[in-house]
Amino acid sequence: MFDLTPLTEAVIVGNAPKAKELTQKALDAGVSPGTILQEGLIPGMAEVGRRFEEREYYVPELLIAARAMHAALDILRPLLTASDEVQPLGTVVIGTVRGDLHDIGKNLVSMMLEGAGFEVRDLGIDVSPEKFVDAAREGNCDIIAMSALLTTTMPSMKLTIDALKEAGLRDKVKVMIGGAPITQEYADQIGADGYGEDANQAVWVAKQLLGIAR
Ligand code: B1M
């Protein structure tokens, strides 16, 4: 059995070349991309988060850990996403809300949605309510998916929903939200249609919102 612990460690210490190399080695050894993600990379970022909370790590360590995680994700992304031949289940416009620069979780959700057969338009980080509205207005958008990692940026989700209402677009798109500080209760409070606790659940929620029973 392939040991993913060194990969987890490479993320924790922020060694991007090593994270890349070990991800490729794991794939070559037949480990599935999903297993590498769930059992190698995500536990690494969880430990980074713990060290940050315990003040063993500071922002520079977070940045280099995030860079290592991204290096590994670059290899996994095409393997987790669906082939072009499949008709998309629907289109999701995704972004991290205004003022928030955290994108690792958002990128994972994006990849998992693509992997499940959705077309995903990723607006990136620090996305204003106006940008989400513009994307919804352009059409070909079934779901607006917002991610927030900071308690201070959560209100931007409500502002985006308000802006969609003002633009007369609220009944044309579904809205789903997620991110570490987000809860189902918060989603209900601001009038979002769905909440995903993690990237897997996000896929399930997106399907539910579009009435896809698969
Ligand atoms: Co920041 N940061 N950070 N950070 N950072 C947190 C979030 C924090 C909890 C750390 C802490 O203090 N314990 C804290 C927030 C506190 C709070 O608001 N309550 C914090 C802080 C304070 C800050 C700064 C203010 C620090 C500073 O500068 N003093 C600053 C803010 C910058 C800004 O955004 N304006 C900042 C900066 C950064 C870095 C840039 C250094 C870096 C981000 C790099 C990057 O993303 N490219 C960073 C990191 C790495 C973290 C931690 C350590 C890890 C976040 C992460 O990537 N987790 C984080 C601590 C922690 O989480 N324990 C922390 C891994 C990722 C897979 O999980 O993003 O939760 P997550 O995504 C999950 C689910 O939440 C869910 O699915 C994902 C996969 O399962 N999900 C969705 C996410 N989006 C979803 C959307 C959905 C559905 C599910 O539907 C649409």
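The values are calculated or read from the model by the stated rules, or taken from the named source; none is laboratory data. Keep in mind it's a predicted model, so treat the numbers as computed, not measured. Neighbour counts are summed over all protein chains in view; Cβ atoms, including those assigned to glycine, are modelled from backbone coordinates with ideal geometry. Accessible surface areas use protein heavy atoms only, side chains included; no ligands, DNA or RNA. Shrake-Rupley method; radii C 1.70, N 1.55, O 1.52, S 1.80 Å.
Some values worked out for this structure:
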{"item": "Residue in the stretch 31-47 that is outside the structural domain of D126 (by TED's automatic domain parsing), farther than 27 Å from G196 by Cα and among the polar types (S, T, N, Q) present", "result": "no"}
{"item": "Count of the stretch 151-178 residues which are more than 9 Å from the ligand (Cβ to nearest atom), of a type in the set (V, I, T) and farther than 14 Å from G194 by Cβ", "result": "1"}
{"item": "Hits in the stretch 1-31 - residues which are of a type in the set (V, I, T) and loosely packed, with under 14 Cβ neighbours inside 10 Å", "result": "T5"}
{"item": "Single residue of L159, L210, L149, L169 found to be of a type outside the set (S, T, N, Q) and touching a His at 6+ places or on another chain (Cβ under 6 Å)", "result": "L149"}
{"item": "Qualifying residues in the stretch 145-197 (those that are open to solvent by 70 Å² or more (accessible area, probe 1.4 Å) and among the hydrophobic types (A, V, I, L, M, F, W, C)) - the one nearest to L113 (Cα to Cα)", "result": "A180"}
{"item": "Residue tally, condition of a type in the set (A, V, I, L, M, F, W, C), over 14 Å from I143 (Cβ atoms) and near the ligand (Cβ under 10 Å from one of its atoms), over the stretch 184-205", "result": "1"}
{"item": "From the options G95, G34, residue that is surrounded by fewer than 17 Cβ atoms within 10 Å (Cβ to Cβ), within 16 Å of the chain's Cα centre (by Cα) and within 26 Å of V205 (Cβ to Cβ)", "result": "G34"}
{"item": "Sole exception among (1) within 14 Å of the ligand (Cβ to nearest atom); (2) among the β-branched types (V, I, T); (3) assigned by TED's automatic domain parsing to the domain that holds Q38 for I75, by number", "result": "(1)"}
